[in-house]
Amino acid sequence: MRRIGVLFFFSILTLFADCGQAMARRQSFDEAAAGVVNAFRSRDQARLNRFVNSEQGVIVMYREGVYNVFKAVSRIDFAKPVPGYFPYPKLSSAAPLRYAPLPEYDCQREAWSKTGLFCDPKHRDVLLSTTAINLKRNGLKEISQETIDRFRALEAKSVRVVLVDVNGNDLVFYLTRIGERWYLTILDRVSSDCGA
């Protein structure tokens with residue numbers, strides 16, 4: 001009986017330790033998401049680039065004609081947006097992060113389904129790897145299978161964050177845990193671009 005009590009005690013300790021680690025991870029994620037949004041809002045390039053991993057950089061996705069394309073950059077430069085003709089958004093407000101289904105963009109209405117700051121950690125997006133596969137398949141860009149596999153691995157551990165402010169301006173980005181920190185790894189500039 002005493003052995004069962006000791007095992008139960010250690011099981012409870014392990015459960016609390018796991019719960020504490022999960023809460024700390026969530027808090028650091030919340031802080032990173034808010035930090036990226038606030039840096040974009042204030043146009044604080046130095047602060048924003050603290051969320052960019054020096055080895056990973058940021059992959060910026062955008063549209064060229066009918067195709068989604070991407071460009072890897074080492075940092076975000078507000079004076080030189082990617083692509084050059086499409087300035088980074090000017091956000092009018094921030095909102096508390098909500099863990100809920102993500103807003104969806106409706107090209108017919110030219111509007112998002114809801115406003116606020118959202119993430120859904122259960123949702124795994126494959127926009128980057130799908131874009132790379134489509135570019136390769138259509139002969140528009142030489143992309144190795146190794147690169148596609150690297151994109152899939154990045155997507156598997158990334159969380160998509162969507163901010164839609166009260167004026168309909170949006171910021172869509174992905175945070176990835178690398179080591180002990182969350183980093184900005186993908187900037188999605190295609191989800192609300194219905195042009196061709």
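The values are calculated or read from the model by the stated rules, or taken from the named source; none is laboratory data. Please read these numbers as outputs of a predicted model, since none were measured by experiment. Here the Cβ is made from the backbone with ideal geometry for all residues, glycine too, and neighbour counts use every protein chain on show.
Within segment 140-154, does at least one residue satisfy the condition of being touching a residue at least 24 places away in the same chain (Cβ under 8 Å), of a type in the set (Asp, Glu) and out of contact with any strand residue (DSSP E or B) (no Cβ under 7 Å at 6 or more places or on another chain)?
no
Filter segment 39-73 for residues that are surrounded by 13 or more Cβ atoms within 10 Å (Cβ to Cβ) and small (Gly, Ala, Ser); which is nearest to Leu135 (Cα to Cα)?
Gly57
Please give the number of the condition Arg124 fails out of (1) of a type in the set (Lys, Arg); (2) at pLDDT below 95; (3) not in a loop (DSSP other than H, G, I, E, B).
Status for Arg124: all satisfied but (3).
Any residue at all in segment 103-118 that is over 15 Å from Ser191 (Cα atoms), surrounded by fewer than 18 Cβ atoms within 10 Å (Cβ to Cβ) and free of Cβ contacts under 8 Å to residues at least 12 places away in the same chain?
no
Please determine whether any residue of segment 149-156 is of a type in the set (Gly, Ala, Ser), under 27 Å from Ser42 (Cα atoms) and under 14 Å from the mean Cα position of the chain (by Cα).
Checking segment 149-156: not a single residue is of a type in the set (Gly, Ala, Ser), under 27 Å from Ser42 (Cα atoms) and under 14 Å from the mean Cα position of the chain (by Cα).
Would you please name the residue that is farthest from Tyr88 (Cα to Cα), looking only at residues in segment 167-196 that are in contact (Cβ under 8 Å) with a residue 24 or more places away in the chain and β-branched (Val, Ile, Thr)?
Restricting to residues being in contact (Cβ under 8 Å) with a residue 24 or more places away in the chain and β-branched (Val, Ile, Thr), the top hit is Ile178.
Can you confirm whether Lys80 is part of a loop (DSSP other than H, G, I, E, B), of a type in the set (Lys, Arg) and without any contact (Cβ under 8 Å) to a residue 24 or more places away in the chain?
So Lys80 passes the test.
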